[in-house]
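Quick notes on the structure that follows.
The values are calculated or read from the model by the stated rules, or taken from the named source; none is laboratory data. This is a predicted model, so every value here is computed, not measured. Using ideal geometry, Cβ is built from the backbone for each residue, glycine included, and neighbour counts are taken over all protein chains shown. These accessible areas exclude ligands, DNA and RNA; they are computed on the full protein's heavy atoms, side chains included. Shrake-Rupley method; radii C 1.70, N 1.55, O 1.52, S 1.80 Å.
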Amino acid sequence: MLTRRSALALGAAALLPTPRAFAEVAPPRSEIRTSLAKRFTDEGTAGTFVGYRTDDYLIIASDAQRSGEAFLPASTFKVPNSLIALETGVVGDPDKDLFKWDGVTRSIEAWNRDHTLRSAIAVSAVPVYQEIARRIGPERMQKCLDLFEYGNRNIGGGIDQFWLTGDLRIDCIQQIDFLDRLRRRALPVAKRSQDMVVDILPVTKVGDAVIRAKTGLLGAEKGQPSLGWLVGWAEKGDRQTVFALNLDAREPRHAAARMTLAQQCLTDIGAI
C-alpha cells in the first residue's frame, strides 16, 4: 500500500540524484522550478527550497542537487528535541516547567533569563535545549531519533552539541518527511506530545494563511552564522504545504531573509 510517507520518498527519489530503493509503485508528481532558485541568487546567496503540497502529492524543488544535500540541523532540531522532552517526561508542561537561567551572559539577550519550553523555542534558546538534551541522555535520545528515522540519526559529538557542531545531518526531504508526520500526528509517540509541540511552534500570519515554522542558524551562538534553515508548513484554508529551506548565511541580512524567501517561494508554488 502506498502511504503518504512512501509517496514522499518516491517523489524525492525522482528529484534527487542519489539512488534509493523503493517499492515499485507510481511516484507522486514532482517538479524542479528554477525560478525558485533565482530567488536565492537575487538575494545574493545560494540555497534551496522544497515544498510538498500534501493534498495533491506534489513535490516542488528549486534544484535537484542541494535539495538532497544533508547539513547540521542547528536549531530546527528544537522541534524533535521538544517532542522527545515531552514524551520522556523531561518536560511535563510547556508553559509551567521552568528552566532557570544559569547566570552566564550570552550575546543573544533573550537567552539570559528563565524560560519555559514555549518561551525557549520562541527565542531559540540554545542553552535551554542543551540542558534538555542532557536530561534526556544519549540512550533515550538515540532511541527516539531511530523511532523518528530523523536524518542520519547520528548523535556523535556530544549529547548537547550533536545537532550544532556534531555528527547529525539532515536534508530538506528528510526535514519534510519528519514535519509531515508531526503535522498529521503520525509519529510513533503520544498524540499529546505531538499536539503540544505543534502548539508551541512559532506562527507567522500572511494574509489568510498561517506558517508554522522553526528557524535554524549554524554558528548563531558564536555570532558567526554560516548556514540558515527554515522548516515547517503553511496552512491556507484546507490546503497545507510542508516545506524546508536552507541558505548560505553570507551576510547578516541573510538570516532575516529566510522567512521572506520562504513566503516568496510558497507564494510561487500556490501554497499561500
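Structure values in brief
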read-out: Residue within the range 241-254 that is touching a Lys or Arg at 6+ places or on another chain (Cβ under 8 Å) and over 20 Å from Gly151 (Cβ atoms) present; value: yes
read-out: Only one of Ala85, Ala74, Ala70 that is open to solvent by less than 40 Å² (accessible area, probe 1.4 Å) and touching a strand residue (DSSP E or B) at 6+ places or on another chain (Cβ under 8 Å); value: Ala74
read-out: Single unsatisfied condition, Ile136 versus (1) assigned to a loop (DSSP other than H, G, I, E, B); (2) among the β-branched types (Val, Ile, Thr); (3) surrounded by 21 or more Cβ atoms within 10 Å (Cβ to Cβ); value: (1)
read-out: Residue tally, condition acidic (Asp, Glu) and in contact with a strand residue (DSSP E or B) (Cβ under 8 Å, 6 or more places away or on another chain), over the range 44-67; value: 2
read-out: Count of the range 224-261 residues which are charged (D, E, K, R) and more than 30 Å from Arg184 (Cβ to Cβ); value: 4
read-out: Residue ranges of helices (runs of 4 or more DSSP H) in the range 159-272 with at least 2 members among the basic types (Lys, Arg) and crowded, with 16+ Cβ neighbours inside 10 Å; value: 172-183
read-out: The range 116-125, residues that are open to solvent by 10 Å² or more (accessible area, probe 1.4 Å), touching a residue at least 12 places away in the same chain (Cβ under 8 Å) and of a type outside the set (Lys, Arg); value: Thr116, Ala122, Val123, Ser124
